[in-house]
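Novice: Right, I'll just put the structure down here and ask away after.
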Amino acid sequence: MAPLHVGDIGLVNLSLIAAVSGIFYIAYKVVYNVLFHPLRSFPGPISHRISNVPRAIQMMRGHLPFHVADLHREYGPVVRIAPDELAFSDPQAWKDIYGHRAPGQEEFAKHKGFYRPFDAMPTSIISDPREEHSAVRRQLAHGFSDRSMRGQEPIIGEYVDLLVQRLHANAEGGKKAVNMREWLNWTTFDIIGDLGFGSSFGMLASSDYHPWVKLIVQTVKQSGQLQALINVGLRPVVQFLSRNGFLKSRDEHRALVRNKLSQRIEMGAERPDLIEGLIATHKKDEKAMPFPKLAINAGTLIVAGSETTATLLSGAIYLLTAYPETLSKLTHEVRSSFSDDKEITLFSVANLHYMLACINESFRRYPPVAFGMPRQVPKGGAQVAGHFIPEDTVTAVWQYAANHDPNNWKDPMGFHPERFMGDPGFKTDKLDALQPFSVGPRNCIGRNLAYAEMRLILAKIIYNFDLTLADESRNWLEGQKAYILWEKPALDVYLTPAVHS
Ligand code: HEM
């Protein structure tokens, strides 16, 4: 064996000191988090009160929303899911965390760790600080007004008619199952491509994914996993990956947005689409809306407005076909309300009340945004659902968990649109626990458009086809993973052309 040199002994000592200090630091953190932390009195599993690691592991595995639901069942409506973080399932928490605040009271800010994972990126409407957010929201609001929606109706209607036509061509009269997850994704992405950039992705026409859409889905999943790294203190690693070209799907997505946006700008601002207001500001005053800021907002619209609606529609088709009595009641409503397919429009579908109840119950069972949108408690602390919460605590309502909490809903794992129709059998339900679009100043700007688009697509499908779930998709919901969005398996359904009397 080679003899040890003086330098080697120094190195051994240093390593020993580092190891012992590490152990002391961890022991100190454990004792502090359990016995002295300002959140020490809130319930939760000991592992989660001590460390961020268990939360991060569940996030990486795509199980976090279901895990939080289990924790609420075990510990009640407020749970400490990480040393500095509380999850709430009481409906009052929606108002307290996300709602408009009284004059003089500071808003709960969006949690930077979640909304701004990359230091070098400009912010979008989703991640803008409060003052910047109000200006961008005002500019975008025009594209989401009733007047703009009237202008958008023919654009949306054209894609939905193309969907029905393509389904007729592919369903072979009900003999061959079609994968509705894909058709719905292609439809909502084509619509948002047109409303956001002035041209679709051409997916309905080609019956195939545009490579960009695959990139978007990958990017969103990757964001969820990067969040887990940030949660366990590895933010510098995420910055390193971002700066050195390791996040390829995100970089390619951004390059495609810039390209497509440049084409849209050349078309001029006079178009009743969603981006018109921002382009008008950009053209008037480049400083107020520089190109990188315009691009990041356009990319946000594409992601926020497509995968979400496609997810809800997939969930609704699955749940309706899994509960044939409910489907038959809805089919009756749709077919007795219209005597011709052409009468079904973005606006006429607003009269389908049972359909709205079915969509809301689908939102409850399969919320497109299943996770908690984290907000930080302002200086001085604040009350949330009757509890005083110290400043800087990360707080959120986790939609999947609140929507399946037996304290909020009767038979939470069932599918009962009747609960939204005033059925006395469900009078103990807390309907305001369901907030799929969030509430307050940062709620979803696309809410009305999304409801109208989803009702139109569902009404056209149900008017034109009898739906039967294929055996392979019978357990579609089981074992699904949810990162920031859901990872949905194929949804195979037989579509038989309807016979109208
Ligand atoms: C089923 C469909 C949809 C669901 C469930 C949904 C849900 C949400 C939620 C929960 C938020 C709040 C996010 C947060 O606090 O971090 C949000 C924000 C937003 N959504 Fe949606 N959304 C849907 C459809 C759409 C559509 C169709 C568009 C646009 C075409 C859209 C554009 C936006 C934008 C721009 C924001 C940011 C608003 C702001 O911060 O002022 N969404 N959405």
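Novice: Of everything in the range 83-116, what is in a helix (DSSP H, G or I) and within 15 Å of the ligand (Cβ to nearest atom)? Give them in sequence order.
Specialist: Scanning the range 83-116 gives Ala93, Trp94, Lys95, Asp96, Ile97, Tyr98, Lys112, Gly113, Phe114, Tyr115.
Novice: Quickly run through the range 38-52 and pick out the residues that are among the hydrophobic types (A, V, I, L, M, F, W, C) and outside any helix (DSSP H, G or I). Don't jump to the end; show me each part of the working.
Specialist: Within the range 38-52, the first condition is being among the hydrophobic types (A, V, I, L, M, F, W, C), and the residues that meet it are 39, 42, 46, 50.
Result: Leu39, Phe42.
Novice: Considering only the range 334-356, state which residues are open to solvent by less than 20 Å² (accessible area, probe 1.4 Å), assigned to a helix (DSSP H, G or I) and more than 16 Å from the ligand (Cβ to nearest atom).
Specialist: Val334, Tyr354
Novice: Right, something else. Which residues, taken from the range 124-162, are more than 23 Å from Asn185 (Cα to Cα), among the aliphatic types (A, V, I, L, M) and surrounded by 15 or more Cβ atoms within 10 Å (Cβ to Cβ)?
Specialist: Residues satisfying the conditions are Ile125, Val136, Leu140.
Novice: Within the range 291-312, how many residues turn out to be closer than 17 Å to Leu261 by Cα, open to solvent by 10 Å² or more (accessible area, probe 1.4 Å) and within 11 Å of the ligand (Cβ to nearest atom)?
Specialist: Residues that pass the stated criteria total 5.
Novice: I've got another one for you. Can you tell me how many residues within the range 313-330 are open to solvent by less than 10 Å² (accessible area, probe 1.4 Å) and not in a helix (DSSP H, G or I)?
Specialist: Residues that pass the stated criteria total 0.
Novice: Residues in the range 240-267 that are in a loop (DSSP other than H, G, I, E, B) and open to solvent by 20 Å² or more (accessible area, probe 1.4 Å): how many?
Specialist: 4
Novice: Mind listing whichever residues of the range 113-123 are of a type outside the set (Ser, Thr, Tyr) and open to solvent by 30 Å² or more (accessible area, probe 1.4 Å)? Break it down stepwise before answering.
Specialist: Going through the range 113-123, the residues of a type outside the set (Ser, Thr, Tyr) turn out to be 113-114, 116-122.
If the condition is that a residue be of a type outside the set (Ser, Thr, Tyr) and open to solvent by 30 Å² or more (accessible area, probe 1.4 Å), then Phe114, Arg116, Asp119, Ala120, Met121, Pro122 are the ones that fit.
Novice: Taking the options Arg73, Arg80, Arg55, name whichever one is charged (D, E, K, R), more than 14 Å from the ligand (Cβ to nearest atom), part of a helix (DSSP H, G or I) and in contact with a helix residue (DSSP H, G or I) (Cβ under 8 Å, 6 or more places away or on another chain).
Specialist: Arg55
Novice: Right, another one. Scan the range 210-265 residue by residue and report those that are on the phi > 0 side of the Ramachandran plot and in contact (Cβ under 8 Å) with a residue 24 or more places away in the chain.
Specialist: Gly233 - this is the single residue of the range 210-265 that is on the phi > 0 side of the Ramachandran plot and in contact (Cβ under 8 Å) with a residue 24 or more places away in the chain.
Novice: As an exercise: evaluate Ile445 against (1) within 10 Å of the ligand (Cβ to nearest atom); (2) over 28 Å from Ser89 (Cβ atoms); (3) in contact with a Lys or Arg (Cβ under 8 Å, 6 or more places away or on another chain); (4) not hydroxyl-bearing (Ser, Thr, Tyr) and give the number of the one condition it does not meet.
Specialist: Tallying (1) within 10 Å of the ligand (Cβ to nearest atom); (2) over 28 Å from Ser89 (Cβ atoms); (3) in contact with a Lys or Arg (Cβ under 8 Å, 6 or more places away or on another chain); (4) not hydroxyl-bearing (Ser, Thr, Tyr), Ile445 fails exactly one: (2).
Novice: Also, I was wondering about something else. Can you tell me which residue is least open to solvent (accessible area, probe 1.4 Å) among those in the range 173-224 that are of a type in the set (Lys, Arg) and assigned to a helix (DSSP H, G or I)?
Specialist: Restricting to residues being of a type in the set (Lys, Arg) and assigned to a helix (DSSP H, G or I), the top hit is Arg181.
The values are calculated or read from the model by the stated rules, or taken from the named source; none is laboratory data. This one's a predicted model, so the numbers in the text were calculated from it and none came from an experiment. Backbone-built Cβ (ideal geometry, glycine too); neighbour counts: all protein chains shown. To get the accessible areas, we keep the full protein, side chains included, count just its heavy atoms, and leave off ligands, DNA and RNA. Shrake-Rupley method; radii C 1.70, N 1.55, O 1.52, S 1.80 Å.
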